[in-house]
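Read the figures in this text as sums done on the coordinates, not as results from a lab. All values derive from a computational prediction rather than experimental measurement. Note: ideal-geometry Cβ built from the backbone for every residue, glycine included; neighbour counts use all protein chains shown.
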Amino acid sequence: MNITKYELAKMTWKEAEYIFKQDKVFLIPLGSMEEHGPQSVLGDYMAAEEAAKETAKRSGAIMVPIIPFGYSEYFRDYPGTISFSPRTMYRVIEDIFECLMEHGAKKFLIVNGHGGNMPIIEMFGRDLRREKGIMIGKFDLWQVLSPQMKEELYGENASRCMGHGGEPVTSVMKYLRPDDIRMDLVDEMDRVYKWQDFELANIGKTNIAGMEASIYFNIKDATNQGCLADPRYGNAEIGKKIFERMVEVGCEFVKRMENSEMKI
């Protein structure tokens, strides 16, 4: 059977039946629905969706429909945020994998677009290894930039603009969803760096006696407008370069999985 489709949702069940008998890598994109500063869209899952789609198109992998919600508890102060509980997030991932495995899928790559999902994905991945002997892959879209690439893209402004509500999300969304970006809504930076007697280093992070420690701050504790970094340094051209880097990483990951059994 000749099948050129690479999105599972667009296949007929007969086409899917054939695909599941091939040694394909299945891409499972995960994202979130949360604030990214006053200028950017709530649905950052769209970046994971587009990156997974383009990776599947170029690599021959199969894209499973996006899970648009993630674990976004620390953004719930902002209207429009929709968060799974960790238990729900785990069960959703578990149920999707169970269905795919029932039909014969053996190789899985999670394309993750939200940092809050990371510990839940790892927990699931380790459980799956122990229970089924299957090794899954995962890469994080917003971690694909090397220090050298950050320097090339942002120069001396990298330290000012890299972070939640700033880069690289703003530039990527300027590239993917330019008509939805509202830079006119950005106010002067209002980030604070102290909460009571603690340094507010990042979401949930402080420093004690020279070492990183945790207090579970919400982002609202650090900024009212939702920007931990300045969003005014990016553009769509930078966003395109970052998106291409995401797809490059995805395609390389798929290639290595194709050359591996992914079972223990």
The distance between the Cα centres of the range 195-226 and the range 1-51, in whole Å, is 35
Principal axis extents for the range 153-264, Cα atoms only, whole Å, descending order, please. 53, 43, 25
Most exposed first by the Cβ proxy, i.e. fewest other Cβ within 10 Å, how do V92, V172 rank? V92, V172
FRET efficiency estimate (nearest 0.05) - Cβ-Cβ, D184 to K57, R0 30 angstrom: 0.30
I'd like the FRET efficiency for E122 and S260, computed as 1/(1 + (r/R0)^6) with the beta carbon distance as r and R0 of 22 Å, rounded to 0.05. 0.70
Taking the highest mean first, how do the peptides 235-245, 2-12 order by number of other beta carbon atoms within 10 angstrom per residue? 235-245, 2-12
What pairs in K21/K174; K21/K53; K57/K263; K138/K194; K53/K205; K107/K240 have C-alpha atoms more than 30 Å from each other? K21/K174; K138/K194; K53/K205
Under 17 Å from the 7 Å Cα→Cβ point of S85, by amide nitrogen: which residues of the range 108-139? 120
Need one number: nm distance between label points at D77 and M211, each 7 Å from Cα along Cα→Cβ, rounded to one decimal. 2.9
Along each of the three principal axes of the Cα atoms of the range 36-179, give the extent in whole Å, ordering the values from largest to smallest. 48, 36, 28
Bin width 10 Å, origin at 0, all Cα-Cα pairs of the chain: what percent of pairs per bin? 7, 28, 34, 22, 9, 1, 0
Nearest-0.05 FRET efficiency for R160 and E7 at R0 = 41 Å, using Cβ-Cβ distance, is 0.60
